[in-house]
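Have a look at the structure below, then the notes.
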Amino acid sequence: MVNDMVRSSPSAKGNHEWEQSAVEARYYVEHLTTAGDLVVDPFCGGGTTAAAALDLKRRVWTCDVDARAVSAARARTRSSPSAAVFKLTPSR
């Protein structure tokens, strides 16, 4: 069973204005996936979920329409060949 509420301290919001705590991201990635699985985060923000997934030996595909968010996520995942971070351009 996976808890639907995880308590942690507030995020520092150093990477994105809506950044969530790494504690929650790590908890859900750890309990809902296994090593080697692909974690997809279509709204990467500051890359918190991607960083947690990589720490837990998961592969990552993440994207955002915000170029600043993509830049932050790329910076957090740069050292891993298992991460793919994309900038999406919304259609009009």
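Quick note: the coordinates plus some simple rules give every number you see, no bench work behind them. It should be emphasised that the depicted structure is a prediction, and the values quoted were computed from it without experimental measurement. Heads up, the Cβs are rebuilt from the backbone with ideal geometry, glycines too, and the neighbour counts pull from every protein chain shown.
Using 0.36 nm per residue of separation minus the Cα-Cα distance, give me the extension gain between R78 and V65 in nm, one decimal.
Result for the pair: 2.8 nm of gain on full extension.
Just to check I understand the Karplus step: with θ = phi - 60° and J = 6.51 cos²θ - 1.76 cosθ + 1.60, what whole-Hz values come out for the range 30-46, glycine and proline as x?
5, 8, 10, 9, 10, 3, x, 5, 9, 9, 10, 10, x, 9, 5, x, x
Tell me, what HN-Hα J-couplings in whole Hz come from the Karplus equation 6.51 cos²θ - 1.76 cosθ + 1.60 at θ = phi - 60° for each residue of the range 79-87, using x for Gly and Pro?
Ordered by residue, 3J(HN,Hα) equals 7, 10, x, 8, 10, 10, 10, 10, 9 Hz.
Based on the Kirkwood radius over alpha-carbon pairs, what is the Stokes-Einstein translational diffusion coefficient of the range 30-78 at 20 °C with 1.002 mPa s viscosity, in µm²/s?
202
For V39, what residues show an amide H to amide H distance below 5 Å, using hydrogens built from the backbone and excluding near sequence neighbours?
For V39, the qualifying residues are R59, V60, W61.
Could I have the simple spin-label model distance between L56 and L38, label points 7 Å from Cα toward Cβ, reported in nm to one decimal?
Roughly 1.8 nm, to one decimal.
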